[in-house]
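The values are calculated or read from the model by the stated rules, or taken from the named source; none is laboratory data. Model, not experiment: these values are computed from the prediction. Every residue, glycine as well, gets a Cβ built from its backbone with ideal geometry; the counts of neighbours run over all protein chains shown. Surface areas here come from the heavy atoms of the whole protein model, side chains and all, with no ligands, DNA or RNA. Shrake-Rupley method; radii C 1.70, N 1.55, O 1.52, S 1.80 Å.
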Amino acid sequence: MTSVRNHRPQLSGNKWFIFVLALIVGACSPKIRTAPSSTVKTTTEKPVTKTDKPAEKPPVKAPEAKAHVLSLILPLGLDHAAAGQTYTAAGLKKANMAAEYYQGFKLALDSMTAEGANFKLQVFDSKDDVAQSHSLALNPQIKSSELIIGPVFPDDVKAFTAMLPSARKPIVSPLSPAAPSTFNNQNLVTMTPPLEYHAMGAATYIVRSLKPKKVFILNSGFSDEKLYTSPFKRTVDSLSKRKIQVVTITVVRGNLTPLVKQLSPSNQNIFLVPSTKQAFLMVTLRSLDTLSKKYPVTLFGHPNWEKFAFLKSALLQRLNTHITSADKVDYKSSQTNTFLRSYRRTYRTEPTDFAIKGFDQGLYFAKLLADDEDFNKPDLEDFSGIHNSFHFIKKPGVGWINTHVDILRYENFDLKKIQ
């Protein structure tokens with residue numbers, strides 16, 4: 001699961017000047033036009049005979065593609081970039097993220113424009129402020145656009161969508177993994193799979209690929225873990241027709257002794273640990289590591305584990321650890337390398353996760369608009385991007401939800417995609 005985070009250094013003042021200038025000068029993607037011939041032959045003064053060639057006519061100008069209007073709402077906080085103003089550390093982090101996403105999104109539109117498409121990109125600053133998001137929902141320029149991308153953060157999305165409950169155009173939540181039921185808007189497009197779809201993805205892989213007789217859920221006792229364990233158990237029960245037994249225990253101080261009698265000495269013992277608490281994980285995983293010396297262990301963890309530096313890859317590899325992920329980049333693919341070269345050439349910097357997300361999402365929606373796809377149909381097209389893949393389902397009252405997650409496993413001290 002992807003959360004809104006940042007990996008790159010703070011933007012310099014020069015980059016902010018360039019970025020703000022880019023917003024003012026280059027918000028619209030360039031249009032492709034067919035230029036007329038530079039020279040036209042003229043006729044001579046002598047009368048035209050039957051053997052004379054007629055004068056060449058200038059080529060007919062090709063009709064320009066329809067301009068599709070998109071509105072991008074990001075927490076740029078540009079008022080803090082004015083002379084005499086400063087960003088807080090948190091505000092600058094959000095502004096960096098917004099700038100990176102914009103750059104990737106704009107590059108995607110430009111690549112589609114080069115193929116003959118035509119877009120008008122309008123960029124608005126949400127300032128990460130609920131009142132501002134509320135106000136932007138009433139902006140006629142935004143309301144008249146074909147596609148709205150943003151705001152980014154859940155509170156801003158909620159304030160924005162509350163003002164457009166009956167809008168007939170899609171409103172894209174580009175980065176937040178918040179459950180779409182939080183917003184209750186039938187036109188919302190949730191790009192980052194919510195946690196329940198990570199749980200369902202893990203359960204589906206366990207049932208169909210591993211086919212165990214039992215699955216052990218090791219809880220810490222915190223109620224928020226039910227957001228993962230409840231859909232996980234429902235999916236296992238449904239797919240296995242309750243033939244796979246789900247055993248749930250609350251682990252205290254890493255004590256796994258009560259489970260020993262139920263473990264298999266020869267077959268893989270499947271464990272799910274849904275916690276994200278460091279103290280609990282350190283103790284419990286060490287206990288599992290000890291257990292794995294006598295019993296085969298396969299571990300499934302929370303998608304946020306990928307971000308935790310305190311979880312060492314050597315330990316996770318010994319435990320045959322799997323996690324789900326919605327955003328894994330294959331840096332060996334030709335598609336990725338083509339993007340990297342283009343991004344470096346355009347922006348003179350390395351792309352971050354947010355830039356790659358912006359490119360994938362920009363390319364996806366640009367293609368849909370260029371093909372005049374109907375957003376009111378039940379399903380949106382599947383898509384495999386550089387950073388993300390999209391498989392949408394539409395649920396009444398909450399809109400389209402991207403449900404695609406990958407299964408990753410620790411191999412050679414790194415996470416490798418296995419499904």
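Put R168, R208 in order of accessible area, largest first, 1.4 Å probe: what do you get?
Numbers: R168 185, R208 155 Å².
Result of the area sort, largest leading: R168, R208.
Can you tell me the dipole magnitude for region 276-321 around its Cα centre, using point charges on the Cβ only (Lys, Arg +1; Asp, Glu -1), in Debye to the nearest 20? Walk me through the intermediate numbers first.
Values: 7 positive and 2 negative charges, 27 e Å.
Roughly 120 debye, rounded to the nearest 20.
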| Heavy-atom surface of region 250-319, accessible at 1.4 Å and reported per residue (Å²) | 49
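Using alpha carbon coordinates only, what is the Rg to Rh ratio of region 229-306, with Rh defined as the Kirkwood radius? Don't jump to the answer; show the numbers that get you there.
On the way: Rg = 13.0 Å, Rh = 13.6 Å.
That ratio equals 0.96.
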| For H404 and K294, FRET efficiency with R0 = 30 Å and r from the beta-carbon atoms, rounded to 0.05? | 0.20
| request: Mind listing the long-range amide H neighbours of K120? Cut-off is under 5 Å, sequence gap 5 or more, other chains count too, H placed in the peptide plane at 1.01 Å from N. | output: H68, V69, L70
| Taking the Cα centre of region 304-419 as the origin and placing charges on Cβ (Lys, Arg +1; Asp, Glu -1), which of T352, A370, N320 is farthest toward the positive end of the dipole? | N320
| request: State to the nearest 20 debye the size of the charge dipole of region 76-194 about its Cα centre, where the only charges are +1 on K and R beta carbons and -1 on D and E beta carbons. | output: 220
| said: Under the 0.36 nm per residue contour assumption, what length would be gained going from the current alpha-carbon distance of K328 and K66 to full extension? | reply: 90.9 nm
| task | Leaving ligands, DNA and RNA out of it, rank D79, D327 by accessible area with a 1.4 Å probe, largest first. | result | D79, D327
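Taking the Cα centre of region 163-265 as the origin, how large is its charge dipole in debye, to the nearest 20, when only Lys and Arg (+1) and Asp and Glu (-1) carry charge on their Cβ atoms?
Numbers: 14 positive and 4 negative charges, 109 e Å.
My answer is approximately 520 debye.
At 0.36 nm per residue, minus the direct Cα-Cα distance, what do K169 and R348 gain on full extension? Give it in nm, one decimal, please.
Numbers: separation 179, 0.36 × 179 = 64.44 nm, distance 3.53 nm.
Value of the extension gain: 60.9 nm.
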| field | region 141-232, accessible area per residue, ligands and nucleic acids excluded (1.4 Å, Å²) | value | 37
| field | Dipole axis of region 170-267 (+1 Lys, Arg; -1 Asp, Glu on Cβ), positive-most option in V246, P194, S176 | value | V246
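Report the full-extension gain for the segment T248 to F413: residue separation times 0.36 nm, less the Cα-Cα distance, to one decimal in nm. Write down the numbers at each step before the final one.
Working: separation 165, 0.36 × 165 = 59.40 nm, distance 2.92 nm.
Extending this stretch completely gives an extra 56.5 nm.
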| task | Could you go through region 264-269 in sequence order and give the Karplus-derived ³J(HN,Hα) for each residue, using 6.51 cos²θ - 1.76 cosθ + 1.60 with θ = phi - 60°, rounded to whole Hz, and x for Gly and Pro? | result | 9, x, 10, 8, 5, 9
| said: Let me make sure I get this right: for region 188-258, a, b and c are the square roots of the gyration tensor eigenvalues over alpha carbons, sorted descending. Under 1.5 in a/c it's rounded, otherwise prolate if a/b > b/c, else oblate. Which is it? | reply: oblate
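Accessible area, 1.4 Å probe, largest first: how do Y364, Y410 sort?
Values: Y364 5, Y410 30 Å².
Result of the area sort, largest leading: Y410, Y364.
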| Separation in nanometres of the label points that stand 7 Å from Cα toward Cβ, at N304 and T229 | 1.6
| note | Note on region 101-147: alpha-carbon gyration tensor, axes a ≥ b ≥ c; rule is a/c under 1.5 for rounded, else prolate if a/b larger than b/c, else oblate; result oblate
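With N set to the residue count of region 68-185, report its C-alpha Rg divided by 2.2 N^0.38 Å to two decimal places. Provide the component values of the computation, followed by the final result.
Values: Rg = 14.6 Å, N = 118, 2.2 N^0.38 = 13.5 Å.
Against the compact-globule rule of thumb, the ratio is 1.08.
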| remark: Checked region 290-402 with the C-alpha gyration tensor, a ≥ b ≥ c its square-rooted eigenvalues, rounded below a/c of 1.5, otherwise prolate if a/b is larger than b/c and oblate if not; verdict oblate
| query | Points 7 angstrom from Cα along the Cβ direction at S209 and Q335: gap in nanometres? | reply | 1.9
| task | At 7 Å along the Cα-to-beta-carbon direction for both L138 and K241, put a label point, then send me their distance in nm to one decimal. | result | 5.8
| query | In region 268-419, carbon and sulfur make up what percent of the accessible area (probe 1.4 Å)? | reply | 48
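Percent of accessible area on region 63-110 owned by carbon and sulfur, 1.4 Å probe?
Numbers: 1040 of 1770 Å².
Solvent-exposed carbon and sulfur of region 63-110 make up 59 percent of the total.
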